Amino acid sequence: MGKKIARNPDVVWREESEIRDKILEALEKGEDDSQASEQGTVTLIISGTIYQLNLLGGEIWKLSDGSLTVEGIADSLSSIFDVEKEVLLEDVKEFVDDLLAKGWLVYKDS
Amino acid sequence: MNREISAVSHYIKPEKSITTAPILVNWALTNRCNFSCSYCYSRLEKSEELSTSHARKIIKILVENKVLFLNLGGGEPLLKKDLFELVSFAKESGLNVTMNSNGYLLNNSVAHKIKNAGFNGIGISIDSHKAKIHDELRKTSGSHRRAIEAIRFLKKAGVKVYISSVVCRANFKEFEELVSFAKKQGVERLNMHNYKCSGMGFANKDNLDLTPDEWGEFYQRALDIRSNSTGIIVALDDPILALLKQAKDSPFENGIDNALVKGSICGKLTLYLRANADVTPCGFIPISIGNLLKDDLKELWTTSPVLQSMRNKTPKGKCRKCKQYEDCWGGCTARAYALRGDFNAPDPHCWYNPNGSNKKEDNK
């Protein structure tokens, strides 16, 4: 069983829900999907610097509430993102590893 | 659906609507002040303060719009009698609240009130390691000593504290000493604010502002000093820093290279509230775009022509030919507006000459 992933409580964040809704609406209609990777749906503030996560990054971020492992997060996302599970899992792993290394995500037990 | 992952969007163009509301709101709770600093932007402003109930309404509006940070200033916020009540309410509502103070009114008892109200941090203004320079700039004898005492009271009470300084002619040559001084005070951060020609800052610009070349030299040196400083964060908040390679090569520091927006963050990530709830893009641009007691914040944020024009600048003057423009986005919009009356004009502090000419007329 993998470790559960949680957001670093020092990171202040919010969802840009209107932007997220617009992107999802466009994707549902099969419109240009470049916005999903280029536009931010979650805003993070870390030590005074502001970052944004794109749609997939933002969804992973929201699911990182300490209750799910990487596999669990990928499972939850499979209903939103229509890609093979293995591919999604690899993407989630890559993202989570990146943010763990930055300290923005932490293992719940650590 | 798209599955491509980009963990962090390093740069999203400012013309895109990247946030649905400001991240941070600076609020001048009062324009009353026990000081009369040489460069104060608000000393000449007169506006009525809000009642407690109206101020609470403002806080509710900020929370409803998912604003994350509220920074209180003025004037001297400690002069506002309902300050702690308002801050407690803002904290209970989920806001991160900080405050800038000159520290003069801060004693042990006030420090504990600050702690109990739940402030996330307090910025104490100190412009120099030398009391004489600070007291002269602040036009108040003993203000340096009181500011140091304020830091001590706050630290003792368990409040996060940082030092805020305005870079000007009186202190720019002794930046390294100021950093050492700040470290000695045990603060975790030194915020260096660039000189703005607004309010008293405009009236005193000939004596206190630096020349563009001096700004270039100062920032070059400041970045060197910062990179060699340990144990303290040195924040340089000037968008014109994008002109310097060192700033570009220092990601994950103070929002310079990997900041979400280029150029000024005002009107793109932040807004300013006057004491009467008038909304301006920043404290240094005296253009009211509405009033938060009467106008909808989201509407102002998304449709204000003033904010739109700040987010979609058109390079003018030397910026038109400048390859650095895509990094600095014209520098500080407030300075351009204050001295040249045009958001799109080149930042008057800009030392970079895209023509390679030394002629003044080519460098405007």
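The values are calculated or read from the model by the stated rules, or taken from the named source; none is laboratory data. Bear in mind the structure is a predicted one, so any value in this text is a computation, not a measurement. When we count neighbours, we look across all protein chains shown, and the Cβ atoms used for this are built from the backbone with ideal geometry, even at glycine. Just so you know, the surface numbers come from the protein's heavy atoms only, side chains and all, with ligands and any DNA or RNA stripped out. Shrake-Rupley method; radii C 1.70, N 1.55, O 1.52, S 1.80 Å.
Please compute one quarter of the surface area of the Cα convex hull for segment B:104-248 and express it in square nanometres. Mean shadow area of the hull around the Cα atoms is 9.0 nm². Charge dipole of segment B:119-187 (Cα centre as origin; +1 on each Lys and Arg Cβ, -1 on each Asp and Glu Cβ, all else neutral): 220 debye, rounded to the nearest 20. Compute log10 of I(q)/I(0) for the protein assembly as shown with the Debye formula, placing one identical point scatterer on every Cα and leaving out solvent, at q = 0.09 Å⁻¹, to two decimals. Debye intensities relative to I(0), on a log10 scale: -0.63. The lysine pair tally for chain A, using Cα distances under 20 Å and a gap of 8 or more places or different chains, is 18. Extent along the principal axes, Cα only, for segment B:103-160: 33, 17, 15 Å, with the longest axis given first. In deg cm²/dmol, rounded to 500, what helix-only [θ] at 222 nm does chain A give when every DSSP H run of at least 4 residues adds -39500 (n - 2.57) and the total is split over its residues? Taken over chain A, the calculation gives -14000 deg cm²/dmol. Both radii come from the Cα set of segment B:306-357: Rg as radius of gyration, Rh as Kirkwood radius; their ratio Rg/Rh reads 0.94. Charged side chains reduced to their Cβ positions (Lys and Arg at +1, Asp and Glu at -1) give chain B a dipole of some 280 debye around its Cα centre.
Cysteines of chain B lacking any other cysteine Cβ under 4.7 Å from their own Cβ: B:C33, B:C168, B:C197, B:C319, B:C322, B:C328, B:C332, B:C350.
Summed over the residues of chain B and divided among them, the accessible surface reaches 42 Å² per residue at a probe radius of 1.4 Å. Segment B:N353..B:K245, full-extension length gain: 37.3 nm, with 0.36 nm per residue of separation and the alpha-carbon distance subtracted. Once you sort the root eigenvalues of the Cα gyration tensor of segment B:185-225 as a ≥ b ≥ c, which label holds: rounded (a/c under 1.5), prolate (a/b larger than b/c) or oblate (the other case)? The shape class here is oblate. Contact order, relative form, for segment B:91-203: 26 percent (alpha carbon pairs under 8 Å, 6 or more residues apart, mean separation divided by residue count). For segment B:259-364, the calculated P(r), taken from all Cα-Cα distances in 10 Å bins from zero up to the bin holding the longest distance, is 15, 44, 27, 11, 3, 0 percent.
Close amide-amide hydrogen proximity is noted between A:R14 and A:T43, each under 5 Å apart and 5 or more residues distant or on a separate chain (H modeled in the peptide plane; Pro and chain starts excluded).
The spread of Cα positions in segment B:56-135, taken along each principal axis and listed from longest to shortest, comes to 45, 24, 18 Å. Using only side-chain charges placed at the Cβ, +1 for Lys and Arg and -1 for Asp and Glu, the dipole size of the protein assembly as shown relative to its Cα centre rounds to 2260 debye. Past the 34 angstrom mark, what percentage of all C-alpha to C-alpha distances in chain B do you count? Value for chain B: 24 percent of Cα pairs lie more than 34 Å apart.
Dimensions of segment B:10-163 from C-alpha coordinates, computed as largest minus smallest value along each principal axis and given longest first, are 46, 35, 35 Å.
Based on alpha-carbon atoms, the Kirkwood radius and the radius of gyration of segment B:264-309 give Rg/Rh equal to 0.91. Spacing of the modelled spin labels on B:L105 and B:E177, each 7 Å from Cα toward Cβ, amounts to 3.2 nm. Placing R0 at 45 angstrom, the Cβ-Cβ distance between B:K184 and B:E92 gives a FRET efficiency of 0.80 after rounding to 0.05.
Dividing the Cα radius of gyration of segment A:1-108 by its Kirkwood radius returns 0.96 for Rg/Rh. On a per residue basis, segment A:63-110 carries 53 Å² of accessible surface, using protein heavy atoms and a 1.4 Å probe. With a/c under 1.5 counting as rounded, go ahead and sort segment B:182-322 into rounded, prolate or oblate using the C-alpha gyration tensor (a ≥ b ≥ c being the square roots of the eigenvalues; past the cut-off, prolate if a/b is larger than b/c, else oblate). Judged from the Cα gyration tensor, segment B:182-322 comes out prolate (a/c at least 1.5, a/b above b/c). DSSP beta bridges fully contained in the protein assembly as shown are about 40 percent antiparallel.
Name the residue farthest towards the positive end of the dipole of segment A:35-110 from the options A:F81, A:S67, A:T49, assuming +1 on Cβ of Lys and Arg, -1 on Cβ of Asp and Glu, about the Cα centre. Value: A:T49.
Each residue of segment B:155-228 gets 99 Å³ once the volume of the Cα convex hull is shared out per residue.
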